[in-house]
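Reading through the C-alpha cells given below for one structure.
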Amino acid sequence: MSKILIVAELDGNSLNSSTRKCVACAAATGADSIDVLILSDQCGAAAAAAAQIAGVNKVLTVEAAHNAAPLAAVLAPQIAAAAPGYTHVFGPSTTFGKDVMPRVAALLGVGQVSDIMSVVSDRSFTRPVYAGNAILSVEVPADKIVVATVRTASWQDAPDGGTAAIEALNVDCAIPGHTRFVELASAASERPDLQTAKKVVSGGRGVGSEENFALIYKLADKLGAGVGASRAAVDAGYVANDMQVGQTGKIIAPELYVAIGISGAIQHLTGIKDAGTIVAINKDPEAPIFEIADIGLVGDLFDIVPELEQKL
Amino acid sequence: MEKILVCIKRVVDYNVRIRVKPDGTGVVTDGVKMSVNPFDEIAVEEALRLREAGKASEVIVATIGDSESQQQLRTGLAMGADRAILIETAAGVDPLTAAHAFRALVEQENPDLVIMGKQAIDDDCNQTGQMLAAIWDRPQATFASKLEVEGSTARVTREVDAGLETIEVDLPAVVTTDLRLNEPRYVKLPDIMKAKKKPLETLQLADLVSDTGEQIVATHWATPAARSKGVMVSSVDELLGALKDKGLLA
Ligand SMILES: Cc1cc2nc3c(=O)[nH]c(=O)nc-3n(C[C@H](O)[C@H](O)[C@H](O)COP(=O)(O)OP(=O)(O)OC[C@H]3O[C@@H](n4cnc5c(N)ncnc54)[C@H](O)[C@@H]3O)c2cc1C
C-alpha cells in the first residue's frame, strides 16, 4: 500500500506547474493514493487547481499567516507533522523543493532521494549525479518513508481531469520565529517562463554585453520563446540570475533550444540534455556545444541572429 | 561573531570528464584530479571575508572523509582558515550522516555561523546544509548570493527560481552558498607553506555519530544515453529548412 503526499509549490497564490510533474512521478510509482499538501496564507486558488489534477485523491490545506512566504524553516515542521501515515513525501526539484525537502527528511530522520528522473519501482529510482554525466539507481529500504524531489524536466505535466476533495488540515507543531521573509525581487517578464516554455533561446558570453542581448530577445520574441543564459552571461551582468540554465541554474526540457555564443561546458549542458532539438550558433567550429547539438551553424552571431530573426 | 565553521568536501575536480566504471559500481576516481568542491571554496572565501571585515574572529574548516581529504583541508588553511578538523572515515557518508557529524562538531565548537556549499558536484544532492539546520533546530539560508551579518542576525539574499529572495535569520544559522556569492582567492605558494604549520585535528566519525543505518542504497551507476549525432548546416536558410523539417517552425 503506498500513499504519497506531494508538497505543492506556489507562485504567490497560484499553483506552480512543478506540482503536476510531482503528480506524474507519483503516479508512475503505482501509488494507491496521492494527496497534495498546500501551505499558504491563501490556499483557495491553488487548492482548487490541485483538486482538478487527474490522479489526485485529496487536497490538504494549511492556511495560516505564517505560511505567506515559502520559508523552509517554517514549512518543514508542518510538512513533517502531516507526513505520518504516508509512505512517500515528494516535492519538486526546484529551488523551493530543494530548500524545504531535505529539512523535512531530516526532521523525519531519513535520507532524501534528490532529482528523481525515472521510477523503477515504488522504492527504486534513477537520478543524475556528476552534473548528469552518470545516472545512479537508488533504492530506499522498505522500513523507511521515501522523501524525494522530482526532477521536473524529466516529467510531463499531469493533466486535468480530477475532482479531489479539499480538506483543511490541522498540523500540531511549533512555528519557529528565527527566520523572517524580507522581500522577493523578480524581474517581471512578459516572455514565456523559462522552465515551461516550449522554445528557449539562450545567449552566452559570446553575446558580449547587456545591450547586445537585445538581439537574443528579438529572436526569442519572433519565435515566441523564453530567454535563458549561460553562467558566464549572468556573471558578466548581461542578464538576471534567474535566467541561468545549467547544473546550478534551471534544468529545462523545451522542444527547441537555441544556444547562441555558448561554448557548451558540461555544467551548461546538464541543463539542456532533455531538450527536444538543440540548435547551436557559435563562431568556433571546435566548441563542445556542437557535440550535442542537433543542428549546428558555425559563424558570427552578429551576422546570423539578425538574418535569422528577419527571415522568420 | 566568534567562530565560523565551514564544511567542505573533497570531490572530483569540475574540469574532469568523469567515466562510469564498466561494471556499474561507481565512477573512475583512480588517478583523477581531486579538488575542494567549488561551492565549498566559495564558502571558505565568504568566511574569510567576514573575518577580514572584523565580523568574526576565527574560521574553522572541517570535512568528512579519509586521510586524503587532508589535502583539501590544507587548501582551506592556505586560503586563510585558522584551523582544520578532519572527521575521519574510510567509507563515503550520505548527507544525513554528514549532517549528524557536523551537528556533533557544532556541539563541540559552538560556531555562530556554519557555511557550506549548496551542493557537492559529485552526488549533486543539495541536502547537507538543510539537514544540519533541521537537526540543530536553527535557521537555514540556502543558495546565498549575498550575506550581511549585523549583530546577532544575518540578512541573506538567495538565488531562487523566481529571482532574488531576501530573508533575515537569527544566528547561529546555516548558510549554503551559490556561485555568485563571491570569487574565491587564489592560493599563493607562501600561503601553502604557512598552511602546513596550521593546526589540523583528526576526529573519528564513529566517535561523533552512531550509525544511522543505510538510508538510501546506491545500486548501479550507468552512463547516460548519448544524444544522437546532429547535422551541421552552412547558412541561415539551411537552418530554417532543418527546423521546418522537424516541424519546429510553422
Ligand atoms: C560548479 C560550477 C557550476 C556551474 N554551473 C553552471 C551553470 O549552471 N550554467 C552554465 O552555463 N555554466 C555553469 N558553470 C560555468 C561553466 O563551466 C562555463 O564557464 C560557462 O557555461 C561558460 O559560459 P559561456 O559558454 O557563455 O562562455 P564561454 O565558455 O566563454 O563561451 C563563449 C562562446 O561564445 C562564442 N563566441 C564568442 N563570440 C562569438 C560571436 N561573435 N559569434 C558566435 N559565437 C561567439 C565562443 O566561440 C565561445 O564558444 C559552472 C561552473 C562550475 C565550476
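The values are calculated or read from the model by the stated rules, or taken from the named source; none is laboratory data. All values reported here derive from a predicted model rather than from experimental measurement. Note: ideal-geometry Cβ built from the backbone for every residue, glycine included; neighbour counts use all protein chains shown. With ligands, DNA and RNA removed, areas are computed over all heavy atoms of the protein, side chains included. Shrake-Rupley method; radii C 1.70, N 1.55, O 1.52, S 1.80 Å.
For segment A:277-289, the set of residues classified as open to solvent by 20 Å² or more (accessible area, probe 1.4 Å) and over 19 Å from A:Ala233 (Cα atoms) consists of A:Pro285, A:Glu286, listed by residue number. For segment A:155-198, a residue qualifies if it is farther than 29 Å from B:Val169 by Cα, among the hydroxyl-bearing types (Ser, Thr, Tyr) and surrounded by 14 or more Cβ atoms within 10 Å (Cβ to Cβ), and the qualifying residues are A:Ser189, A:Thr196. Considering the conditions (1) farther than 20 Å from A:Asp157 by Cβ; (2) within 11 Å of chain B (Cβ to nearest Cβ), A:Leu75 is excluded by exactly one of them, (2).
Considering every residue within segment B:194-215, establish whether at least one is in contact with a helix residue (DSSP H, G or I) (Cβ under 8 Å, 6 or more places away or on another chain), of a type in the set (Ser, Thr, Tyr) and in a loop (DSSP other than H, G, I, E, B). Taking every residue of segment B:194-215 in turn, at least one turns out to be in contact with a helix residue (DSSP H, G or I) (Cβ under 8 Å, 6 or more places away or on another chain), of a type in the set (Ser, Thr, Tyr) and in a loop (DSSP other than H, G, I, E, B). Does at least one position in segment B:143-155 carry a residue that is facing chain A (nearest Cβ under 7 Å) and outside any strand (DSSP E or B)? Scanning segment B:143-155 turns up no residue that is facing chain A (nearest Cβ under 7 Å) and outside any strand (DSSP E or B). Being within 9 Å of chain B (Cβ to nearest Cβ) and either open to solvent by 10 Å² or more (accessible area, probe 1.4 Å) or touching a Pro at 6+ places or on another chain (Cβ under 6 Å) (or both) is a property that A:Ser93 has.
Kindly establish whether A:Ser202 is among the hydroxyl-bearing types (Ser, Thr, Tyr) and either more than 18 Å from the chain's Cα centre (by Cα) or part of a loop (DSSP other than H, G, I, E, B) (or both). For A:Ser202, the condition - among the hydroxyl-bearing types (Ser, Thr, Tyr) and either more than 18 Å from the chain's Cα centre (by Cα) or part of a loop (DSSP other than H, G, I, E, B) (or both) - is not met.
Would you mind stating whether B:Val187 is more than 16 Å from the ligand (Cβ to nearest atom) and open to solvent by less than 10 Å² (accessible area, probe 1.4 Å)? Criteria not met by B:Val187.
I'd like the full set of residues that are within 26 Å of A:Ser114 (Cα to Cα) and of a type outside the set (Lys, Arg), limited to segment A:187-209. Hits for segment A:187-209 are A:Asp193, A:Leu194, A:Gln195, A:Thr196, A:Ala197, A:Val200.
On the stretch given as segment A:134-145, residues that are open to solvent by 40 Å² or more (accessible area, probe 1.4 Å) and out of contact with any strand residue (DSSP E or B) (no Cβ under 8 Å at 6 or more places or on another chain) total 2.
Filtered by the rule that a residue be open to solvent by 10 Å² or more (accessible area, probe 1.4 Å) and either farther than 18 Å from B:Val16 by Cβ or touching a Lys or Arg at 6+ places or on another chain (Cβ under 9 Å) (or both), segment A:262-276 gives A:Ser263, A:Ala265, A:Ile266, A:Gln267, A:His268, A:Lys273, A:Asp274, A:Gly276.
A:Ile281 satisfies every condition listed in (1) part of a loop (DSSP other than H, G, I, E, B); (2) near the ligand (Cβ under 8 Å from one of its atoms) except (1). Across segment A:184-240, the number of residues qualifying as in contact (Cβ under 8 Å) with a residue 40 or more places away in the chain, of a type in the set (D, E, K, R) and farther than 18 Å from A:Pro254 by Cα comes to 2. Among the helices (runs of 4 or more DSSP H) confined to segment A:213-277, the ones with at least 3 residues that are of a type outside the set (Lys, Arg) and more than 13 Å from the ligand (Cβ to nearest atom) are located at A:213-223. The set of residues from segment A:252-261 being open to solvent by 30 Å² or more (accessible area, probe 1.4 Å) and within 11 Å of chain B (Cβ to nearest Cβ) comprises just one member, A:Glu255.
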